[in-house]
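Worksheet: the structure to be examined is printed underneath.
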Amino acid sequence: MINNSHRIIAVIPARGGSKGVPRKNIADICGKPLLQYTIEVANDSSLIDACIVSTDDQEIADVACSLGVDVPFLRPREFAQDDSPDIDYLKHAVQWLLANRNWRPEIVVVLQPTLPLRTATDVDAALDFMLKEQCDSLRTISIPYGYTPYKMWFMDNPETGEMSPVLKTKYYDRLRTDVPRQLLKPVYWQNGVVIATRPKFILEGCVFGPDLRGFAVPIEHALDIDEPIDFKIAELLLQERQ
């Protein structure tokens, strides 16, 4: 149960609708519902004081409660659509806690339930960095395997195959995009391993404050389950970890 001594709260957003993998948040993966991996990470974190699940789905709420996590409300359906932005459910959660428990955290941490390879060490390292830097907001990033926007193109005309580069380097006039990887500036991909912010910005209608920092985590911890193939890959990696 949340009380006023709890300053860092994790919000696990687990809506019922899922197109790529139906009911994925409670689908079994290596003997556990997917949601359980994120709940265990929140419980194992030394910096997270409290954790809630925000869901619009009663079955997901029942599973979460059976795993010992707080489900203080059912999220309104209008905040759980395919095109609903994150700010909708976050603002609802913060406003609900203020109105019903008279409680406002120092930091809100979003732990998306579709990343079963995340670790409590990832979470604590990111939060420790945020606390030391005293920044407004933080999100984890990783260098993606083998992909860089310096070697990507816009298909300007699919019929004729005409293209233009997404980004040009200083070598473009001579080499176009045929640049050795070692000469390219590292590019990071934003992942959902940890997203953390001050609630004042959520209440103002924005997930992130002006001072947004990045914190790098291993790319292998950032596998986000969105399609059936992601489930198979995650199962293999979890089995290897166990």
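All of the numbers you see were taken from the coordinates with simple rules; none came from a lab. Predicted, not measured: the structure shown is a model, and the values here were computed from it. Using ideal geometry, Cβ is built from the backbone for each residue, glycine included, and neighbour counts are taken over all protein chains shown.
Data table
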read-out	value
Checklist (1) assigned to a strand (DSSP E or B); (2) surrounded by 13 or more Cβ atoms within 10 Å (Cβ to Cβ) applied to GLN190, failing item	(2)
Single residue of segment 131-183 satisfying the filter (of a type in the set (Lys, Arg) and over 30 Å from GLU106 (Cα atoms)) that is surrounded by the most Cβ atoms within 10 Å (Cβ to Cβ)	LYS151
Candidate set from segment 193-221 (those that are touching a residue at least 60 places away in the same chain (Cβ under 8 Å) and in a helix (DSSP H, G or I)); member that is nearest to the chain's Cα centre (by Cα)	HIS221
Selection from segment 42-68 of residues that are farther than 22 Å from ALA126 by Cα and of a type in the set (D, E, K, R)	ASP56, ASP57, GLU59, ASP62
Every pair of residues 6+ apart whose Cβ atoms lie under 7 Å, when the first sits in segment 112-132 and is of a type in the set (Ser, Thr, Tyr) while the second is assigned to a helix (DSSP H, G or I)	THR114/LYS24; THR114/LEU34; THR119/VAL41; THR119/HIS221
Residue count for segment 98-125, restricted to those that are farther than 21 Å from GLY192 by Cα, touching a Leu at 6+ places or on another chain (Cβ under 9 Å) and in a loop (DSSP other than H, G, I, E, B)	2
Qualifying residue in segment 203-215 (condition: among the aromatic types (Phe, Trp, Tyr), over 28 Å from ALA50 (Cα atoms) and touching a Phe, Trp or Tyr at 6+ places or on another chain (Cβ under 9 Å))	no
Residue, surrounded by the most Cβ atoms within 10 Å (Cβ to Cβ), within segment 42-58, restricted to residues that are among the small types (Gly, Ala, Ser) and in a loop (DSSP other than H, G, I, E, B)	SER45
Any hit, segment 36-51, residues being of a type in the set (A, V, I, L, M, F, W, C) and farther than 19 Å from ALA196 by Cβ	no
